[in-house]
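**Student:** Sharing a structure here in structure tokens format.
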Amino acid sequence: PEWVITAAHCLTLLERLPMRLVFNSLNLNMIKSKNTRVISKVNVFYHPYWDNKLLYDVVLIKLENQINGIPIIKLNKERSIEVPGTMAKVTGFGTRKYGKLKMEKHMRVVSVPLVSNDQCRKSYKKIYNFNICAGRKGKDSCTGDSGGPLFIQNKTLGQTIQIGVVSWGENCGIKNKYGVYTRVSNIIEWIESHVNL
Ligand code: ARG
């Protein structure tokens, strides 16, 4: 692959170049140089409606060269599979507890139920069509997970489909609060205007 999708707010904080991209590594203490690329040229496409806060918190990064040996994740176009209650997964090196300073050394994964936008609006005012919420008490992404994927694994088809990008949340894993994600199916046309999917 030569494209990376992540949260726009991740880059605005660290827009300094060169940027280091790490892939195929589940342990941050053992990053081999073959698993890193240094990005020295900007080829970054912010979503045009990104407001530097939480609207359309997504960015596409085009790499100068293809990276071989890692699978390309399928992006979801079908809103119909985003059924509330469906179990999705989210991965990252983010903290295990809100307020904890240290990131995790090993990538972690957690299963989170998808939540309807109406349900999510009961907790948060600012939930839009380009968001999807997921999580329940004790099951959530957290600080440092931003930009990572929310995905569904279809075991029968052996497919992994990305449906969201970690964006924000209040605290982590609190009852009746959720993780808020940028909804891939809502921005797919913008993605396709850049990437040949
Ligand atoms: N904004 C956070 C980050 O930069 C992600 C927070 C996600 N929070 C949550 N409760 N799911 O890493």
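**Student:** Select from segment 20-59 the residues that are among the aliphatic types (A, V, I, L, M), in contact (Cβ under 8 Å) with a residue 60 or more places away in the chain and touching a strand residue (DSSP E or B) at 6+ places or on another chain (Cβ under 9 Å) and list them in ascending order. Spell out how you get there, then give the answer.
**Tutor:** First, pick out the residues of segment 20-59 that are among the aliphatic types (A, V, I, L, M): 21-22, 26, 28, 30-31, 38-39, 42, 44, 54-55, 58-59.
After this cut, where a residue has to be in contact (Cβ under 8 Å) with a residue 60 or more places away in the chain as well, the list is 26, 28, 54-55, 58.
Those that are among the aliphatic types (A, V, I, L, M), in contact (Cβ under 8 Å) with a residue 60 or more places away in the chain and touching a strand residue (DSSP E or B) at 6+ places or on another chain (Cβ under 9 Å): Leu26, Leu28, Leu54, Val58.
**Student:** Yes or no: segment 81-95 includes at least one residue that is within 16 Å of the ligand (Cβ to nearest atom), at positive phi and either at pLDDT below 95 or basic (Lys, Arg) (or both).
**Tutor:** no
**Student:** So which strands (runs of 3 or more DSSP E) stay within segment 10-76 end to end and still have 1 or more residues that are hydroxyl-bearing (Ser, Thr, Tyr) and surrounded by 10 or more Cβ atoms within 10 Å (Cβ to Cβ)?
**Tutor:** Once the strands (runs of 3 or more DSSP E) in segment 10-76 are filtered for at least 1 residues that are hydroxyl-bearing (Ser, Thr, Tyr) and surrounded by 10 or more Cβ atoms within 10 Å (Cβ to Cβ), what remains is 36-39, 44-46.
**Student:** I'd like the residue in segment 1-17 that is more than 11 Å from the ligand (Cβ to nearest atom) and within 16 Å of Ile67 (Cβ to Cβ) and, out of all such residues, is modelled with the lowest pLDDT.
**Tutor:** The residue in question is Pro1.
Per-residue answers, yes or no, for (1) in contact with a Cys (Cβ under 9 Å, 6 or more places away or on another chain); (2) under 25 Å from Glu189 (Cα atoms); (3) not small (Gly, Ala, Ser):
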position: Glu82; (1), (2), (3): no, yes, yes
position: Thr86; (1), (2), (3): no, yes, yes
position: Phe93; (1), (2), (3): no, no, yes
position: Tyr98; (1), (2), (3): yes, no, yes
position: Val109; (1), (2), (3): no, no, yes
position: Pro113; (1), (2), (3): no, no, yes
position: Lys126; (1), (2), (3): no, yes, yes
position: Cys133; (1), (2), (3): yes, yes, yes
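**Student:** Same structure again: Pull out all pairs, ordered by first then second residue, where Cβ-Cβ is under 6 Å, the residues are six or more apart or on different chains, the first lies in segment 72-89 and is of a type in the set (Phe, Trp, Tyr), and the second is exposed (fewer than 15 other Cβ atoms within 10 Å of the Cβ) and assigned to a strand (DSSP E or B).
**Tutor:** Listed pairs, sorted by first residue: none to list.
**Student:** Test each condition in (1) part of a loop (DSSP other than H, G, I, E, B); (2) surrounded by 15 or more Cβ atoms within 10 Å (Cβ to Cβ) for Thr91 and report the one that comes out false.
**Tutor:** With (1) part of a loop (DSSP other than H, G, I, E, B); (2) surrounded by 15 or more Cβ atoms within 10 Å (Cβ to Cβ) applied to Thr91, the lone miss is (1).
The values are calculated or read from the model by the stated rules, or taken from the named source; none is laboratory data. Bear in mind that the values here come from a model prediction, so they are computed numbers and not experimental data. All Cβ positions, glycine included, derive from the backbone under ideal geometry; neighbour counts span all protein chains shown.
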